[in-house]
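Student: Quick one: the structure is below, and I'll ask about it shortly.
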Amino acid sequence: MTKKIGMISLGCPKNQVDAEIMLSRLEKNGFEIVNDPVEADIVIVNTCGFIEDAKRESIENILDMISYKEDYPLLKVLVTGCLAQRYQSEIFSEIPETD
């Protein structure tokens, strides 16, 4: 069965390019890309951590995707991008539902 991946990409144009590269590589490796998180087996939240508003938006999107786990417990939520790099330990300790 093909794993389905959805992505939310936030922040600067570089993040968008990184997201496109990730999705392209995933698709080449047999994953199906979907637009609706409800259809996904894995959701990647590509975050921005540059300014406070961007951090807040990133955290809100992570929490939104985590909330889908209540109805779809097999859903994996992966966090990438600037926020994930800068605050990795904080994300794992404060949002342990991330995968």
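Student: Residues Gly81, Gly49: which one is crowded, with 19+ Cβ neighbours inside 10 Å and in contact (Cβ under 8 Å) with a residue 12 or more places away in the chain?
Tutor: Sole residue among the options that is crowded, with 19+ Cβ neighbours inside 10 Å and in contact (Cβ under 8 Å) with a residue 12 or more places away in the chain: Gly81.
Student: Inside region 10-23, can you point out the residues that are touching a residue at least 24 places away in the same chain (Cβ under 8 Å) and within 17 Å of Asp41 (Cα to Cα)? Give the steps one after another, and end with the answer.
Tutor: Within region 10-23, the first condition is being touching a residue at least 24 places away in the same chain (Cβ under 8 Å), and the residues that meet it are 10-12, 15, 18-19, 22.
Across region 10-23, the qualifying residue is only Met22.
Student: Can you pull out the residues in region 52-68 that are open to solvent by 40 Å² or more (accessible area, probe 1.4 Å) and either in a strand (DSSP E or B) or of a type outside the set (A, V, I, L, M) (or both)?
Tutor: Filtering region 52-68 down to residues open to solvent by 40 Å² or more (accessible area, probe 1.4 Å) leaves 52-53, 56-57, 59-60, 63-64, 67-68.
Scanning region 52-68 gives Glu52, Asp53, Arg56, Glu57, Glu60, Asp64, Ser67, Tyr68.
Student: Considering only residues that are at pLDDT 95 or above and of a type in the set (Lys, Arg), which ones fall in region 1-36?
Tutor: The answer is Lys3, Lys4, Arg25, Lys28.
Student: Something else about it: So Lys3 clears everything in (1) crowded, with 18+ Cβ neighbours inside 10 Å; (2) over 13 Å from the mean Cα position of the chain (by Cα) except one condition, right? Which one?
Tutor: (1)
Student: Further question: Looking at region 6-17 only, could you name the residues that are in a helix (DSSP H, G or I) and either open to solvent by less than 70 Å² (accessible area, probe 1.4 Å) or out of contact with any strand residue (DSSP E or B) (no Cβ under 6 Å at 6 or more places or on another chain) (or both)? Spell out the reasoning first.
Tutor: First pass over region 6-17, keeping only residues in a helix (DSSP H, G or I): 13-17.
Correct list: Pro13, Lys14, Asn15, Val17.
Student: Please tell me if Leu26 is of a type outside the set (Val, Ile, Thr), open to solvent by 30 Å² or more (accessible area, probe 1.4 Å) and either without any contact (Cβ under 8 Å) to a residue 24 or more places away in the chain or touching a His at 6+ places or on another chain (Cβ under 6 Å) (or both).
Tutor: It is true that Leu26 is of a type outside the set (Val, Ile, Thr), open to solvent by 30 Å² or more (accessible area, probe 1.4 Å) and either without any contact (Cβ under 8 Å) to a residue 24 or more places away in the chain or touching a His at 6+ places or on another chain (Cβ under 6 Å) (or both).
Student: Count, please, the residues in region 31-77 that happen to be touching a Phe, Trp or Tyr at 6+ places or on another chain (Cβ under 9 Å) and under 15 Å from Glu97 (Cβ atoms).
Tutor: The number of residues fulfilling the criteria is 5.
Student: Separate question: Hey, could you check region 69-78 for residues that are within 13 Å of the chain's Cα centre (by Cα) and not basic (Lys, Arg) and say which is surrounded by the most Cβ atoms within 10 Å (Cβ to Cβ)?
Tutor: Val77
The values are calculated or read from the model by the stated rules, or taken from the named source; none is laboratory data. Fair warning: this is a prediction, and the values are worked out from it, not measured in the lab. All Cβ positions, even for glycine, are placed from backbone atoms using ideal geometry, and neighbour counts span all protein chains on display. Side chains are part of the model used for accessible areas, which takes the heavy atoms of the whole protein and leaves out ligands, DNA and RNA. Shrake-Rupley method; radii C 1.70, N 1.55, O 1.52, S 1.80 Å.
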